[in-house]
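The values are calculated or read from the model by the stated rules, or taken from the named source; none is laboratory data. Computed from a prediction, not measured in an experiment: that's the story for all the values here. Cβ placement follows ideal geometry from the backbone for every residue including glycine, while neighbour counts extend to all protein chains displayed.
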């Protein structure tokens, strides 16, 4: 597994809870490239990254508890992945993380959460 995406209507509150459990924020930013501004904060939990996302304003969606929105797995061979799957997996494209590729599982798979596959992190290949 590469990372888990947690969606929270109150990301500052959720961040505080993560930090109470000993997770240390390793970076935060505001993204505005995919619709309304959203906050992103990242935590390492062993070898897995937790990506916390939510609205910039903690007051919106207060009644929405934090939940797992998606998971991303590391894959060495996208072609083999696509040929072994019975459901549609999108063509690999450049990921936000420089030097990596990403592909997503079709919503028609019916898993109820977003699933993606990424090439290995360049720093971890060495």
Next on the checklist: Looking for something buried (at least 16 other Cβ atoms within 10 Å of the Cβ), closer than 25 Å to residue 66 by Cα and touching a residue at least 24 places away in the same chain (Cβ under 8 Å) - is there at least one such residue anywhere in the range 105-114?
Outcome noted: no
Next on the checklist: Return the residues of the range 107-122 that are closer than 23 Å to residue 6 by Cβ and at pLDDT below 85; say none if nothing qualifies.
Outcome noted: 107, 109, 110, 111, 121
Item to check | Count of residues meeting criterion [surrounded by 12 or more Cβ atoms within 10 Å (Cβ to Cβ) and at pLDDT below 90] in the range 14-29 | outcome: 1
Item to check | Residues satisfying the stated conditions in the range 1-13, i.e. surrounded by 22 or more Cβ atoms within 10 Å (Cβ to Cβ) and part of a helix (DSSP H, G or I) | outcome: 11
Checklist outcome for this item: Residue pairs within 6 Å by beta carbon, gap of at least six or interchain, first lying in the range 78-100 and in the same structural domain as residue 116 (by TED's automatic domain parsing), second surrounded by fewer than 13 Cβ atoms within 10 Å (Cβ to Cβ) and assigned to a helix (DSSP H, G or I), listed first then second, are 99/122
